[in-house]
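Undergrad: There's a structure below that I have some questions on.
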């Protein structure tokens, strides 16, 4: 799905792939799991990448409670509004 098609958090659905800025965002089957991945390599973005990227640093700071992995940008138990806020930070 294209980012311009997302107007509100209600437009988010499960099993969705979205291109957000320089990253891809995958929303899981349950709709509350989110992973950021590289559009070039299709691999998950590592947490240490936030040292060189301001948007990832802000994302990690605001959503660190929902991080479920020690090495990658992988979040769980997010509401649709939180996911939409995450998209707005990254774009």
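Each value in this text was obtained by applying a stated rule to the coordinates, not by laboratory testing. What you see is a predicted model, and the numbers here were worked out from it, not measured in a lab. Cβ placement follows ideal geometry from the backbone for every residue including glycine, while neighbour counts extend to all protein chains displayed.
Undergrad: Hey, what number do you get for the chain at 222 nm if only DSSP H runs of n ≥ 4 count, each worth -39500 (n - 2.57), divided across all residues, to the nearest 500?
TA: -7000 deg cm²/dmol
Undergrad: Extension gain residue 11-residue 69, at 0.36 nm per residue separation less the Cα-Cα distance, in nm?
TA: Result: 18.2 nm gained on full extension.
Undergrad: If you don't mind, there's one more thing I want to ask. 7 Å from Cα along Cα→Cβ at both residue 19 and residue 46: what's the point-to-point distance in nm?
TA: 2.6
Undergrad: Taking the Cα atoms only, what angle lies between the long axis of helix 80-90 and the longest principal axis of the chain, rounded to 10 degrees?
TA: 50
Undergrad: Sticking with this one: For segment 32-91, take the alpha-carbon Rg, divide it by the Kirkwood Rh, and send me Rg/Rh.
TA: Result for segment 32-91 is an Rg/Rh of 0.92.
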